[in-house]
Amino acid sequence: MFNKETYIRRRDKLRKMMGKGIVLLPGNVDSPMNYKSNIYRFRQDSNFLYFFGLDQQGLAGVIDAESGEDILFGDDFTLDDIVWMGPQPTLKERSAKAGVGKTAAFARLEEFLKKARQDGRKIHFLPPYRAENKLQLESLLEIRPDVQAEEASEELIRAVVAIRSVKEAQEVAEIEKAADVTQLMHTTAMKMARPGVYEREIAGVVEGIALSHGGMLAYPLILSVHGETLHNHSHDNKLEEGHLLLMDGGAETPMHYAADYTRTTPVGGRFNEKQRMIYEIVLQAETRAINAIKPGVTNKGLHLLAANVIASGLKDLGLIKGDPEQAVEQGAYALFMPHGLGHMIGLDVHDMEDLGEDFVGYDEEVKRSKMFGLGALRLGRKLQENFVITVEPGIYFIPELIRQWEEEKKFTEFINYAEVKSYVGTGGIRIEDDVLVTGDGYRVLGKPIPKAPDDIERLMNE
Ligand code: GLY
Ligand code: MN
């Protein structure tokens, strides 16, 4: 974890923004896979990590906005726990690392919150996303799980989003560590992308790289020759000459900061002509969007910039006809890119998505579009210095979507369906990097991962 001053400073900032009431931040507990003691790998809640830093089960943090007091609720290990799981620092020792002076047994939390409510104090909590925490919150606050999201404190959500959106230098350094492990994951996958190899063989090695660096994957690996399925988590296909292998994968550091990079690789080491032409358009879109990053520009604007590059590139190839700017304005381009340009990244790969996408990505000035494609953009609002974002345009040939739009005669003034259908089978191409917004521009984080076609081919044929 970071030093204790970090957590004290963050909690004080939150306290000041809240002004009144009590902030309750429960940590996560273990979740069973198939019976109680056979558990998924533990992942701490990111908000708890941000304000209390402790990466163990069974803790809850309380920040009193008025008294200035912080309390850590939890329990020391019993002798039985020690026999099975080994010795652990005491609750007092752990709370000292987070700069929290006061601790109490977990069982005391219920009575503490009851008394606070009797005293007419508001308990602010965030929308819970795990069943275990929903049940716990129900017994602590007597709020049914199905209404907890709407009862969550908007004031707290807005304060946490404002604080966590702007990354500290030490957080950027952590994201960059995750990016460096991710670079090794991607370059290894590129070298393994040979005909006859199964996707799962590469997926296993890639996940092993993340694990061997002490963390885990930041999200389930997307690695498929069917890159046209945006979040394809199956790894059962055999790679063949002529396939494109799309890998969207990122490591998480032991402190749980994420990276999220995508590369698309020609199986066997050479792009064919059609693949290269489409790839170059995506690369142009990514490069142009990254080059335009600076404080004050909206991410919605960057999305539309990338969409325009894609539309005019596809017009040059004869897949789009008419005015490409109109094809973007009216949403026809989304046949090829039905997702958003990117999102914030930090302790979560989609940073703070548990708090609500619109609180994180939109504001009074920039509202979420209802259009297909643009409506999937997670981050639309103005960028600020020290935001860390992903930039991830793509072009996909999704047979079912193409078929449906053609049957509906949708956008026939912009889409040359006969030509588009000749590209079905090309799959999907996405290129993604993680980028820090600096005072006057941007910095792409991590060791470079080859992305120009010649550089990818060179690495694959080394
Ligand atoms: N890495 C997957 C996504 O950004 O949705
Ligand atoms: Mn992403």
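The values are calculated or read from the model by the stated rules, or taken from the named source; none is laboratory data. Note that the structure is predicted; figures quoted are calculated from it, not measured. Virtual Cβ from ideal backbone geometry, glycine too; neighbours counted across all protein chains shown. Protein only, heavy atoms only, side chains kept; ligands, DNA and RNA dropped before computing areas. Shrake-Rupley method; radii C 1.70, N 1.55, O 1.52, S 1.80 Å.
Of the conditions (1) within 19 Å of Ile278 (Cα to Cα); (2) without any contact (Cβ under 8 Å) to a residue 60 or more places away in the chain; (3) within 16 Å of ligand 1 (Cβ to nearest atom), Gly375 fails just one. Which one is it? Result: Gly375 passes all but (1). Listed by position, the helices (runs of 4 or more DSSP H) contained in the stretch 121-181 that have at least 2 residues being buried (at least 17 other Cβ atoms within 10 Å of the Cβ) and within 17 Å of the chain's Cα centre (by Cα) are 154-165.
Among residues of the stretch 420-441 that are over 21 Å from Asp180 (Cβ atoms) and among the β-branched types (Val, Ile, Thr), those with a beta-carbon under 9 Å from a residue that is open to solvent by less than 10 Å² (accessible area, probe 1.4 Å) and in a loop (DSSP other than H, G, I, E, B) at least six positions away or on a different chain give the pairs Val420/Leu319; Val420/Phe336; Val420/Phe397; Val424/Phe397; Thr426/Phe397; Ile429/Gly227.
Please determine whether any residue of the stretch 348-355 is in contact (Cβ under 8 Å) with a residue 60 or more places away in the chain and either away from ligand 1 (no atom under 16 Å from the Cβ) or closer than 20 Å to Ala418 by Cα (or both). Yes, that holds for at least one residue.
If we keep just the residues of the stretch 10-57 that are in a loop (DSSP other than H, G, I, E, B), among the small types (Gly, Ala, Ser) and open to solvent by less than 30 Å² (accessible area, probe 1.4 Å), which is nearest to Leu109 (Cα to Cα)? Applying the filter and picking the extreme gives Gly27.
Does Thr187 satisfy being within 22 Å of the chain's Cα centre (by Cα) and under 18 Å from Ile456 (Cα atoms)? Spelling it out, Thr187 is indeed within 22 Å of the chain's Cα centre (by Cα) and under 18 Å from Ile456 (Cα atoms).
Restricting the search to the stretch 199-227, which residues are more than 14 Å from ligand 1 (Cβ to nearest atom), open to solvent by less than 40 Å² (accessible area, probe 1.4 Å) and touching a helix residue (DSSP H, G or I) at 6+ places or on another chain (Cβ under 8 Å)? Ile202, Ile209, Gly215, Met216, Val225 - these are the residues of the stretch 199-227 that are more than 14 Å from ligand 1 (Cβ to nearest atom), open to solvent by less than 40 Å² (accessible area, probe 1.4 Å) and touching a helix residue (DSSP H, G or I) at 6+ places or on another chain (Cβ under 8 Å). Here Leu347, Leu314, Leu302, Leu283 are screened, and the one residue that is at pLDDT 95 or above and in a loop (DSSP other than H, G, I, E, B) is Leu347. Pairs are defined by a Cβ separation below 8 Å, a sequence spacing of at least 6 or placement on different chains, a first member in the stretch 253-275 that is open to solvent by 10 Å² or more (accessible area, probe 1.4 Å), and a second member that is of a type in the set (Ser, Thr, Tyr) and within 16 Å of ligand 1 (Cβ to nearest atom); the pairs so defined are His256/Ser46. Identify, please: which residue in the stretch 391-400 is over 10 Å from Gly340 (Cα atoms) and surrounded by 22 or more Cβ atoms within 10 Å (Cβ to Cβ) and is, among those, farthest from ligand 1 (Cβ to nearest atom)? Per the criteria, the residue is Phe397.
Note on the stretch 231-252: residues that are open to solvent by 30 Å² or more (accessible area, probe 1.4 Å), part of a loop (DSSP other than H, G, I, E, B) and touching a helix residue (DSSP H, G or I) at 6+ places or on another chain (Cβ under 9 Å) total 5. When residues in the stretch 350-395 are screened for being more than 30 Å from Gly53 (Cα to Cα), small (Gly, Ala, Ser) and in a loop (DSSP other than H, G, I, E, B), 2 of them pass.
Name the residue, out of Ile39, Ile82, that is free of Cβ contacts under 8 Å to residues at least 12 places away in the same chain, under 30 Å from His350 (Cβ atoms) and of a type in the set (Val, Ile, Thr). Talk me through it step by step, then tell me what you get.
Values: Ile82 fails: under 30 Å from His350 (Cβ atoms).
Going through Ile39, Ile82 in turn, just one is free of Cβ contacts under 8 Å to residues at least 12 places away in the same chain, under 30 Å from His350 (Cβ atoms) and of a type in the set (Val, Ile, Thr): Ile39.
Condition (residue is in contact with a Leu (Cβ under 7 Å, 6 or more places away or on another chain), within 28 Å of Tyr50 (Cα to Cα) and either among the aliphatic types (A, V, I, L, M) or not in a strand (DSSP E or B) (or both)) applied to the stretch 396-411: is it met by at least one residue? Checked the stretch 396-411: no residue is in contact with a Leu (Cβ under 7 Å, 6 or more places away or on another chain), within 28 Å of Tyr50 (Cα to Cα) and either among the aliphatic types (A, V, I, L, M) or not in a strand (DSSP E or B) (or both).
Being crowded, with 18+ Cβ neighbours inside 10 Å and hydroxyl-bearing (Ser, Thr, Tyr) narrows it down to one residue among Thr298, Thr287; which is it? None of the others qualify; the one that does is Thr287.
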